[in-house]
Amino acid sequence: IPQFPENSEPEATVTDKAADWSKFLKKHYKAELGEIAREFPYNRSLVIDYQKLEKWGKRGLLLADELLKNPGKVLSDVKDAIKQNNLIFTKDEEEKADDVNVRFIRLPKKIDVRDIRAHHINTFLSVEGIIRKTTEVRPRLTYAIFRCLNCGTLTPPYSQGFGKFQEPYRNCAQCERQTKMELVPQLSKFVDVQKLRIQESPEGLRGGEQPETLDVDLQDDLVATASPGDRVVINGILRSIQRVSQGSKSSLFDIYLEANSLEVGEKEFEEVAISDEDEQSIVELSRDPELYRKFSHSIAPSIYGNDEVKEAISLILFGGIVKSLPDGSHLRGDIHMLLVGDPGIAKSQMLRYVIKLSPRGIYTSGKSSTSAGLTATAVKDEFGDGRWTLEAGALVLADMGIAAVDEMDKMTRDDRSSLHEAMEQQTISIAKAGITATLRSRCALLGAANPKMGRFDEYAPIAEQINMPPSLLSRFDLIFVMRDKPNSVLDRAIGEHILKAHEVGEIIEHNKKNPMEEVDDDFIQEKLAPVLPEIDPLLFRKYIAYSKRNCFPLLRKEAKEKLIAYYLSLRDMASDNSKPVPVTARQLEALVRLAEASARIRLSDEIDESDAERVIRIVDRCLRDVAYD
Ligand code: ADP
Ligand code: MG
């Protein structure tokens, strides 16, 4: 077979490299090698820190660089080094080293899934993303031994590649007859395998872009180390596999990543980066007396009015504080909010805008969405080659962010029932066929729904027109009823606002087509002003991230008393339990979460009376429509 040189650097020979590796391992990985020797086969993976290798002088740099370009060779060099120098096993047990995995972690440079190209094939890559699907773990045959059905002689091991089963192509070596051979599973060798699909993480996407995906093969002790929804860095070799369409081979190839190592990264995961300058602008903005109004007005500025809804949205963007209790349970900090309203009043528009502002946001529709729906599903599909596949839905993928779910009234019954757990416990449990898993859904849910009959009926009680069971409704901290009643003053204002947005769009299009024409910046600024956010979306995102990271406000006595007094008055008013949204202790928890978010907006460590008043006003606006009249 002709060998294409994977590496164009001729210099050192294989043995030189193995000697270098041996020196490096002896210097930096003595303890780990010893552990493997003691704990083998339970412990059989040597995990090498790429950054440590890079820092090992000039030779380290060369080895590190070679790994990226020519990983197959490097991995076998390291194994040679281990074998030849008996770094783990003694001379007589040397072949055990074949079962040791050499893994590299902490590569400094990551590549986005969407930037992977043909020239990356057979190189070592580090890819970041969220796990969307995982298959069951199943054994794959790696070396097969056969027995001759005529004389019983065993064959040497036949190496098995991916895909097709390789059977002996020669006659039996002993009796030389062309007889049937049978596989002897007890003597053959298997390895555990699992397939994953990762997708780009939402924070890397510019608003509205669809995430791209990459399939990953895991082997041996890498299997079952991560679940759908986990944020991971996967390092491995990009492989290509030929497509076959209708039985004939195509010149098109598919790619997948042959995983070498997997890092589950929650804390290290790169969040929104905030520079010193950013911090300065953030702190400055936090002192602005118009702060709350500015934040609300920077949410979907092309949508006129809806000030209360926008104010509430700014609260859910900041969120409350999650609390762990001594009994091991936890109280969620995420705020769930529902918009129920007549069609055409910009519910969808607002949901889409929120995704732009949330550092980790996902927009989906209850109606269409993916096969995984809102929570998670287990299916037997083509992806798993007949294995069961567990796929994360929107709420799992939005873990630690906001899930904007449009058309919630149209979601499936399965979603509806699993949503209860997902919203309150923020976990999703799946038990189906061979798959049992608990996935995390620590996100805020911003839902939108139309009324039962498509439009609100003016004469029926509003609460009866929301197409969701009370148990689900009670899990929302805020429910806004948005009605489209003709009102000539408001309609004119909305109309003018919409036309302004169109006009601005026209100017922008005109300038694009006539780049040579002089542009009057002042004129454009003046036109743009009403439909531009007062706080730039980039700064908004950074502000949210900064506040969530640094700000954990506590309830002051005055605020506490205000909230309790309001809660008691609610219980009083809604004492007949006929209303579909009962007033329960959940409302008090909601008030606390909202008040925490309110204090976070001004980066305060204390929840004061003004926060209590603000959230009571908002909650009252919501409850007036649905819980009492
Ligand atoms: P919904 O999801 O509530 O049915 P959409 O979000 O699809 O409605 O909005 C319908 C259209 O009407 C959008 O183009 C939106 O921009 C416009 N619209 C509705 N209300 C307003 C408003 N208050 N200000 C500006 N545009 C609006
Ligand atoms: Mg809509």
If one puts a single equal scatterer on every Cα of segment 14-105 and applies the Debye formula without solvent, what log₁₀ I(q)/I(0) results at q = 0.12, 0.20 Å⁻¹?
-0.32, -0.92
Rounded to the nearest 5, the percent of DSSP beta bridges in segment 315-467 running antiparallel is 50
With contacts defined as alpha carbon pairs under 8 Å and 6 or more residues apart, what's the relative contact order of the chain in percent?
12
For ALA529 paired with VAL184, estimate the spin-label separation in nm (one decimal), with each label point 7 Å from Cα along the Cα-to-Cβ line.
8.8
How large is ³J(HN,Hα), in whole Hz, for each residue of segment 500-506 in order, when computed from phi with the Karplus curve 6.51 cos²θ - 1.76 cosθ + 1.60 and θ = phi - 60°, using x for Gly and Pro?
4, 4, 5, 4, 4, x, 4
Can you give me the angle between helix 57-69 and the longest principal axis of the chain, using Cα atoms only, in degrees from 0 to 90, rounded to the nearest 10?
80
With viscosity set to 1.567 mPa s and temperature to 4 °C, compute the Stokes-Einstein D of segment 113-264, Rh being the Kirkwood radius across alpha carbon pairs; µm²/s, no decimals.
72
Measure nothing fancy, just the Cα-based angle from helix 71-84's long axis to the longest principal axis of the chain, in degrees from 0 to 90, nearest 10.
50
How big is the dipole moment of the chain about its Cα centre under a simple scheme where the beta carbon of each Lys and Arg is +1, that of each Asp and Glu is -1, and everything else is neutral? Debye, nearest 20, please.
2020
What distance in nm separates the two pseudo spin-label positions at ARG117 and ASP572, each 7 Å out from Cα along the beta-carbon direction?
7.1
Dipole axis of the chain (+1 Lys, Arg; -1 Asp, Glu on Cβ), positive-most option in SER240, ASN150, THR134:
ASN150
log₁₀ I(q)/I(0) of the chain at q = 0.07, 0.12 Å⁻¹, via Debye over equal Cα point scatterers, no solvent, to two decimals?
-0.59, -1.27
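Filter the trypsin sites (Lys or Arg not before Pro) in segment 317-383 to those in DSSP coil with at most 13 other Cβ atoms within 10 Å of their Cβ, and list the result. Mind dumping the intermediate values first?
Details: sites: LYS323, ARG332, LYS347, ARG352, LYS356, ARG360, LYS367, LYS380; in loops: ARG332, ARG360, LYS367.
Passing sites in segment 317-383 are LYS367.
For a Förster distance of 30 Å, can you work out the FRET efficiency between the beta-carbons of SER429 and GLN219, rounded to the nearest 0.05?
Working: r = 28 Å, r/R0 = 0.93.
Efficiency at R0 = 30 Å is approximately 0.60.
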Amide H neighbours of ALA376 under 5 Å, counting only residues 5+ apart in sequence or on other chains, H built in-plane at 1.01 Å?
GLY393
Once you place label points 7 Å from the Cα toward the Cβ at GLU606 and GLU382, how far apart are they in nm?
6.3
Going by amide H atoms built from the backbone, whose H comes under 5 Å of the H on TYR363, apart from near neighbours?
ALA404
Which order results if ASP230, ASP572, ASP276 are arranged by neighbouring Cβ count within 10 Å, fewest first?
ASP276, ASP572, ASP230
Have a look at VAL396, GLY373, SER417 and report the one farthest towards the positive end of the charge dipole of segment 371-420, computed about the Cα centre with Cβ charges (Lys/Arg +1, Asp/Glu -1).
SER417
Taking the chain and counting helices only, DSSP H stretches of n ≥ 4 at -39,500 (n - 2.57) each over all residues, the nearest-500 ellipticity at 222 nm comes to -11000 deg cm²/dmol
Degrees separating the helix 30-39 axis from the principal Cα axis of the chain, which is the longest one
80
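Laboratory data are not the source of any read-out in this text; all were calculated from the coordinates shown. In this text the structure is predicted, and so the values were computed from the model without any measurement. Note: ideal-geometry Cβ built from the backbone for every residue, glycine included; neighbour counts use all protein chains shown.
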